[in-house]
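Shown next, in structure tokens, is the structure this report addresses.
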Amino acid sequence: MPVRTALTRYALACLAGAIVATSAGAQPSPEQTALAIRQGHMKNYAAMLGVLGPMAQGAREYDAAAAQVAADNIYHLSMIDQTHYWPPGTAQGEIEGSAALPAIWENMDDFMAKQEALADVASQLREAAGTDLASLQAAVGALGQACGACHQPYRAQN
Amino acid sequence: MRVTLTLLVAAALLGAAGWWVSAPDPLPAAALAGVTGDAERGAALFAMAGCESCHRAPDDQGGEGPPVLSGGRAFLSEFGTFHAPNISPSPQGIGDWTDAEIIQATMRGVSPLGAHYYPAFPYPAYRLAAVQDVADIAAFLRTLPESDAPNRPHEVGFPFNIRRGIGLWKALFLRDDFVLQGDLEPAVERGRYLVEALAHCGECHTPRNALGALDRSRWLGGAPNPSGPGRIPNITPGVLTWTEEEIALYLQSGFTPVFDVAGGEMAEVIRSNTSRMTDEDRRAIAAYLKAVPPVAPPAP
């Protein structure tokens, strides 16, 4: 049920985004599309963490099945090859709404290595989520650090 | 002739007064008498004081082991570029310093040779710390790995390159009182000590005046990001509407209430500073942030 609530919220957010995009009239540029896709990808992580986080923090009762679904989704998200998410011309200042720092394009190898580090942690999360609450807590903590490790050098202060 | 003489005397007096006002102002010996540092206690205080995020080597992203405080990170400002010095326990760092010298440097911004440090080093905040806490940090510093990295001089233009001038800045702007005053709950008081002194949150979250001093009338009201685009957020109740629980969880995990994850400098602050605090201390910070006067966001 919590998963469904989170997914519904996510679907509504996507729909709202689509309406806004359509009402703007013009076809989105390839850069705008890349931006929308990668930001949606990040929101998808946040929606799944909206299931796992409160369990790990003790605000919601641990539910092994729901945790497993969310962790599986995070794992699959982390496996997506992101090469097409980051075309040139989509850094902050180059395109409206972007918080991506130019450092990404100066250090693309490191940036992609951090994605792979996230995928490793997500794979551990997938193993841990359905086991018990203590395993979930440790794995969610590690996931947060992997997110932060990339946000720190590559996403603008906001 | 008489006018010239009067002017000369006046100038000499003014110069003498300036020289006197700008002199280094160390803690009196009595304040340091009998203080011995405890390295074990210092480990936790070192994390609270956030030493590592500025003094760690630039290419060290921070791992599990003890940090190597080789210095070398560059900090941009309107006044020039400051380079964090080596504070590892080596001859190039603080290895040959006495505890008293470390305390005077940290709390008063005075070097062992009696020169002023630039306030890029947050001694205006550490000034409000307890001498014992700083002594404990000094004892802990001595347990860390040595680095022989040489210090890089700061790149600061005239007139800010006159060190003595920092003495005037100190006379104008250093304060011995906390911003938040009044009868405070014990948790808020603890939070005040962490935010205003040890963890020096105000250094980034409070806007500065033209001379680079914190504007206490807009305490924690947000400021331009000195090292890149964007702003350091306003964390007063004027903007920050998270619950105390949400603030404490953010400082522990980096997760916002909508499960975004902290980025920029705050990711490092959470990693090496607030995530290593006790739950009680993180809640104390949250309680304090709810108690500071709200600063309104800029009109749209």
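Of the residues B:GLY63, B:GLY42, which is open to solvent by less than 30 Å² (accessible area, probe 1.4 Å) and not hydroxyl-bearing (Ser, Thr, Tyr)?
Going through B:GLY63, B:GLY42 in turn, just one is open to solvent by less than 30 Å² (accessible area, probe 1.4 Å) and not hydroxyl-bearing (Ser, Thr, Tyr): B:GLY42.
Which one is farthest from B:GLY37 (Cα to Cα), of the residues in the range B:122-137 that are out of contact with any Leu (no Cβ under 6 Å at 6 or more places or on another chain), open to solvent by 10 Å² or more (accessible area, probe 1.4 Å) and hydrophobic (A, V, I, L, M, F, W, C)?
B:LEU128
Being under 28 Å from A:GLN145 (Cβ atoms) and open to solvent by less than 50 Å² (accessible area, probe 1.4 Å) is true for just one of B:ALA31, B:ALA84. Which residue is that?
On the way: B:ALA31 fails: under 28 Å from A:GLN145 (Cβ atoms).
So the residue among B:ALA31, B:ALA84 that is under 28 Å from A:GLN145 (Cβ atoms) and open to solvent by less than 50 Å² (accessible area, probe 1.4 Å) is B:ALA84.
Does A:GLY144 satisfy being surrounded by fewer than 16 Cβ atoms within 10 Å (Cβ to Cβ), modelled with pLDDT under 95 and within 11 Å of another protein chain (Cβ to nearest Cβ)?
Numbers: surrounded by fewer than 16 Cβ atoms within 10 Å (Cβ to Cβ): no; modelled with pLDDT under 95: yes; within 11 Å of another protein chain (Cβ to nearest Cβ): yes.
Answer is no for this residue.
Any idea which residue in the range A:149-158 is nearest to the other protein chains (Cβ to nearest Cβ), counting only those that are in contact (Cβ under 8 Å) with a residue 40 or more places away in the chain and within 15 Å of the chain's Cα centre (by Cα)? Write out each step before concluding.
Kept after step one, since they are in contact (Cβ under 8 Å) with a residue 40 or more places away in the chain, are these residues of the range A:149-158: A:153-156, A:158.
Okay, now just the ones that are also within 15 Å of the chain's Cα centre (by Cα), so A:154-155.
Working: A:TYR154: 8, A:ARG155: 4 Å.
Step by step, filter the range A:149-158, then rank; the result is A:ARG155.
Looking at the range A:128-138, which of the residues that are touching a residue at least 60 places away in the same chain (Cβ under 8 Å) and within 14 Å of another protein chain (Cβ to nearest Cβ) is most open to solvent (accessible area, probe 1.4 Å)?
A:GLN137
Would you check if there is a residue in the range B:127-137 being closer than 26 Å to B:GLU52 by Cβ, over 16 Å from the mean Cα position of the chain (by Cα), modelled with pLDDT of 95 or more and not small (Gly, Ala, Ser)?
Within the range B:127-137, one or more residues are closer than 26 Å to B:GLU52 by Cβ, over 16 Å from the mean Cα position of the chain (by Cα), modelled with pLDDT of 95 or more and not small (Gly, Ala, Ser).
A:GLY58 versus (1) part of a helix (DSSP H, G or I); (2) over 21 Å from A:ALA149 (Cα atoms); (3) free of Cβ contacts under 8 Å to residues at least 24 places away in the same chain: which is the lone unmet condition?
For A:GLY58, the failing item is (1).
Table: residues versus (1) open to solvent by 70 Å² or more (accessible area, probe 1.4 Å); (2) acidic (Asp, Glu).
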{"position": "A:MET79", "(1), (2)": "yes, no"}
{"position": "A:HIS84", "(1), (2)": "yes, no"}
{"position": "A:GLY93", "(1), (2)": "yes, no"}
{"position": "A:ASP109", "(1), (2)": "yes, yes"}
{"position": "A:ALA117", "(1), (2)": "no, no"}
{"position": "A:ASP120", "(1), (2)": "yes, yes"}
{"position": "A:ARG126", "(1), (2)": "yes, no"}
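Only one residue in A:ALA146, A:ALA119, A:ALA113 is without any contact (Cβ under 8 Å) to a residue 24 or more places away in the chain and among the aliphatic types (A, V, I, L, M), so which one is that? Walk me through how you get there before you give the answer.
Numbers: A:ALA146 fails: without any contact (Cβ under 8 Å) to a residue 24 or more places away in the chain; A:ALA119 fails: without any contact (Cβ under 8 Å) to a residue 24 or more places away in the chain.
Answer to the selection: A:ALA113.
Among the residues of the range B:70-83, is there at least one that is touching a residue at least 60 places away in the same chain (Cβ under 8 Å) and basic (Lys, Arg)?
Looking through the range B:70-83, none of the residues is touching a residue at least 60 places away in the same chain (Cβ under 8 Å) and basic (Lys, Arg).
Looking only at the range B:1-22, count how many residues are among the hydrophobic types (A, V, I, L, M, F, W, C) and touching a helix residue (DSSP H, G or I) at 6+ places or on another chain (Cβ under 6 Å).
Applying the first criterion (among the hydrophobic types (A, V, I, L, M, F, W, C)) to the range B:1-22 yields B:1, B:3, B:5, B:7-14, B:16-17, B:19-21.
Within this subset, residues satisfying the condition of being touching a helix residue (DSSP H, G or I) at 6+ places or on another chain (Cβ under 6 Å) are B:21.
Selection size over the range B:1-22: 1.
Identify the residue in the range B:250-279 that is part of a helix (DSSP H, G or I) and without any contact (Cβ under 8 Å) to a residue 24 or more places away in the chain and, among all such residues, is farthest from the other protein chains (Cβ to nearest Cβ). Outline the logic, then answer.
Pass one, the range B:250-279, residues part of a helix (DSSP H, G or I): B:250-253, B:264-272, B:274-276, B:279.
Remaining after also requiring without any contact (Cβ under 8 Å) to a residue 24 or more places away in the chain: B:250, B:253, B:266-267, B:270.
Working: B:TYR250: 10, B:SER253: 5, B:MET266: 8, B:ALA267: 4, B:ILE270: 7 Å.
Only one residue tops the list, namely B:TYR250.
Which of the residues belonging to the range B:265-283 are out of contact with any Leu (no Cβ under 9 Å at 6 or more places or on another chain) and either open to solvent by less than 20 Å² (accessible area, probe 1.4 Å) or under 10 Å from B:SER53 (Cβ atoms) (or both)?
Passing the criteria: B:GLU265, B:ALA267, B:GLU268, B:ARG271, B:SER272.
Among B:ARG73, B:ARG56, which is basic (Lys, Arg), under 18 Å from the mean Cα position of the chain (by Cα) and buried (at least 20 other Cβ atoms within 10 Å of the Cβ)? Quick ask: steps written out before the conclusion?
Values: B:ARG73 fails: buried (at least 20 other Cβ atoms within 10 Å of the Cβ).
Only one candidate qualifies: B:ARG56.
Just the residues that are at the interface with chain B (Cβ under 9 Å from one of its Cβ atoms) and surrounded by 20 or more Cβ atoms within 10 Å (Cβ to Cβ), please, taken from the range A:28-45.
If the condition is that a residue be at the interface with chain B (Cβ under 9 Å from one of its Cβ atoms) and surrounded by 20 or more Cβ atoms within 10 Å (Cβ to Cβ), then A:TYR45 is the only one that fits.
Go through the range B:87-121 and count every residue that is touching a Phe, Trp or Tyr at 6+ places or on another chain (Cβ under 7 Å) and open to solvent by 50 Å² or more (accessible area, probe 1.4 Å).
So the count comes out to 3.
Can you name the residue in the range B:216-231 that is farther than 20 Å from B:GLY80 by Cα and within 18 Å of the chain's Cα centre (by Cα) and, of all such residues, is farthest from the other protein chains (Cβ to nearest Cβ)? If you could, list the steps in order and put the result at the bottom.
Within the range B:216-231, the subset farther than 20 Å from B:GLY80 by Cα is B:216-222.
Imposing the further condition that a residue be within 18 Å of the chain's Cα centre (by Cα) reduces the set to B:216, B:218-222.
On the way: B:ARG216: 23, B:ARG218: 18, B:TRP219: 19, B:LEU220: 15, B:GLY221: 15, B:GLY222: 10 Å.
The selected residue is B:ARG216.
Name the pairs whose Cβ atoms lie under 8 Å apart, with the first residue in the range B:198-217 and outside any helix (DSSP H, G or I), the second among the basic types (Lys, Arg), and 6 or more positions between them or separate chains?
B:THR206/B:ARG216; B:THR206/B:ARG218; B:PRO207/B:ARG218; B:LEU214/B:ARG208; B:ASP215/B:ARG208
Please go through the range B:232-247 and give me each residue that is more than 10 Å from chain A (Cβ to nearest Cβ) and either under 22 Å from the mean Cα position of the chain (by Cα) or not β-branched (Val, Ile, Thr) (or both), ordered by number.
Of the range B:232-247, the ones more than 10 Å from chain A (Cβ to nearest Cβ) are B:234-244, B:247.
Correct list: B:ASN234, B:ILE235, B:THR236, B:PRO237, B:GLY238, B:LEU240, B:TRP242, B:GLU244, B:ILE247.
The values are calculated or read from the model by the stated rules, or taken from the named source; none is laboratory data. Please read these numbers as outputs of a predicted model, since none were measured by experiment. In this analysis, Cβ positions are derived from the backbone assuming ideal geometry, glycine residues included, and neighbour counts consider all displayed protein chains. Only protein heavy atoms, including side chains, enter the accessible area calculation; ligands, DNA and RNA are left aside. Shrake-Rupley method; radii C 1.70, N 1.55, O 1.52, S 1.80 Å.
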